[in-house]
Amino acid sequence: MKVTLSVIKADIGSVGGHIRPSQALVNRVEEYVRDNHKELLFDFRVSFTGDDIAILMTHKLGVLNEEVHKLAWDALIAGTKLAREQGLYGAGQDLLKDSFSGNVKGMGPAVAEMEFEERPNEPFIFFAADKTDPGAYNLPLYLGFTDPMYCAGLLLSPKMSKGFKFTIMDVAYTEGDKIIELNAPENAYDIAALLRDNERYVVETIHSRDTGEIAASVSTTRLHNIAGKYTGKDDPVMLVRVQGAFPATGEILSAYSVAPYVAGFMRGSHIGPLMPVKRNSPISYFDGPPIVSATAYCVHEGKLTEPVDAFDHPFWDYIRNIASQKALDIRAQGFSGAAMLPYSELEYGGIVEKLTALDKKFKVRGK
Ligand code: 13P
Ligand code: 13P
Ligand code: MG
Ligand code: MG
């Protein structure tokens with residue numbers, strides 16, 4: 001049977017700054033979906049990563065379905081009402097439009113979806129990141145789907161021998177979806193040339209070239225493109241199918257051992273290491289570090305198994321320590337050079353205004 005996985009995620013308020021939602025808020029969103037989905041969904045799970053709440057849903061209605069998106073939007077609106085009652089920080093932060101129109105794309109929440117013919121066993125991983133943007137997945141996806149140093153299956157599994165097709169979006173283009181399709185392995189250097197620039201080019205989907213099936217889907221929203229100003233980081237979600245024609249779970253996870261430096265961290269304006277964390281982890285040091293959680297499921301006839309926390313393992317404690325050291329290393333240089341994002345990416349209006357005012361005071365000597 002055909003099944004659609006939809007994950008819709010937003011920051012609708014958090015306790016003690018941009019740390020984590022209140023338990024009552026998570027419960028409210030969950031109750032709303034449970035009480036109002038009226039057979040629309042096969043199943044759903046509500047979780048949080050940092051200050052973002054994610055609703056993972058299974059159904060048969062395909063991607064960008066109005067009813068499914070409206071249900072999630074209404075759950076986030078109901079949550080925002082409670083966040084206001086509780087006086088949570090940034091209540092409704094990511095709900096940037098007043099009224100729902102068709103689907104939540106371009107309205108603030110992050111969305112990742114995929115529709116496919118369910119395999120007899122259908123394992124997948126749901127990733128959620130906080131204090132970073134969609135480009136944070138570029139390197140782990142590149143390594144997991146093109147590089148046999150990380151994905152042994154590219155050498156060992158005949159089902160992966162044809163490689164994968166990457167659909168990459170230019171997120172600086174705001175008139176519509178500007179995309180390019182490139183095949184690995186033969187276009188691997190072109191893929192690398194684009195994915196090098198995490199703030200501009202972002203993986204949207206990956207497909208198997210053996211079966212044509214969808215393997216990965218990433219949320220590509222850039223909030224400042226919608227709001228025209230900084231409202232928060234884009235805190236991306238991602239769905240990745242694993243095993244069979246796709247990389248094994250451990251091959252997809254292996255690239256997170258790099259804890260790559262990504263954009264985000266304090267005020268969405270810095271560079272920090274992407275730390276793999278347990279499900280439902282809060283935020284701490286310097287409003288970070290950027291974090292990513294990975295929850296493994298199987299889906300069968302639309303029903304989800306219990307969640308299994310893929311980064312809850314002693315191995316990842318060691319990587320978390322390395323990521324902490326990397327965070328301290330870059331934080332030691334404060335605002336200088338590579339520690340803070342370039343001017344074009346600085347999302348807080350303050351520094352932009354400051355530099356504009358200072359520019360007027362510059363004089364060209366001798367004129
Ligand atoms: P199993 O033999 O345990 O199924 O493992 C196969 C595999 O894909 C390991 O990556
Ligand atoms: P969020 O995008 O997670 O709300 O973080 C915003 C911020 O400014 C953190 O310092
Ligand atoms: Mg926030
Ligand atoms: Mg967030």
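The values are calculated or read from the model by the stated rules, or taken from the named source; none is laboratory data. All of these numbers come straight from a predicted model, not from anything done at the bench. Here the Cβ is made from the backbone with ideal geometry for all residues, glycine too, and neighbour counts use every protein chain on show. Side chains included, ligands, DNA and RNA excluded: accessible areas come from the protein's heavy atoms. Shrake-Rupley method; radii C 1.70, N 1.55, O 1.52, S 1.80 Å.
The table below lists the values:
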| quantity | calculated |
| --- | --- |
| Segment 253-367 shape via C-alpha gyration tensor axes, a/c threshold 1.5 | prolate |
| Stretch gain in nm, segment ILE179-ASP74, where the contour uses 0.36 nm per residue and the Cα spacing is subtracted | 34.8 nm |
| Dimensions in Å of the chain - Rg and Dmax from alpha carbons | 20.3, 77 |
| Per-peptide average of other Cβ atoms within 10 Å, ordering 271-278, 336-343, 234-241 highest first | 234-241, 271-278, 336-343 |
| Helical mean residue ellipticity (222 nm; -39500 (n - 2.57) per DSSP H run of 4+; nearest 500) of the chain | -8000 deg cm²/dmol |
| Under 20 Å from the Cα of LYS363 - lysines, other chains or at least 8 residues apart | LYS354 |
| Set LYS60/LYS131; LYS97/LYS178; LYS159/LYS303; LYS2/LYS165; LYS159/LYS233 screened for pairs whose C-alpha atoms are more than 30 Å apart | LYS60/LYS131; LYS159/LYS233 |
| Placed amide H near THR49: partners under 5 Å, 5+ positions off or other chain | ALA54 |
| Heavy-atom accessible surface of the chain: percent carbon and sulfur, 1.4 Å | 54 |
| Whole-number accessible area per residue in Å² for the chain, which is evaluated in the context of all protein chains at 1.4 Å | 44 |
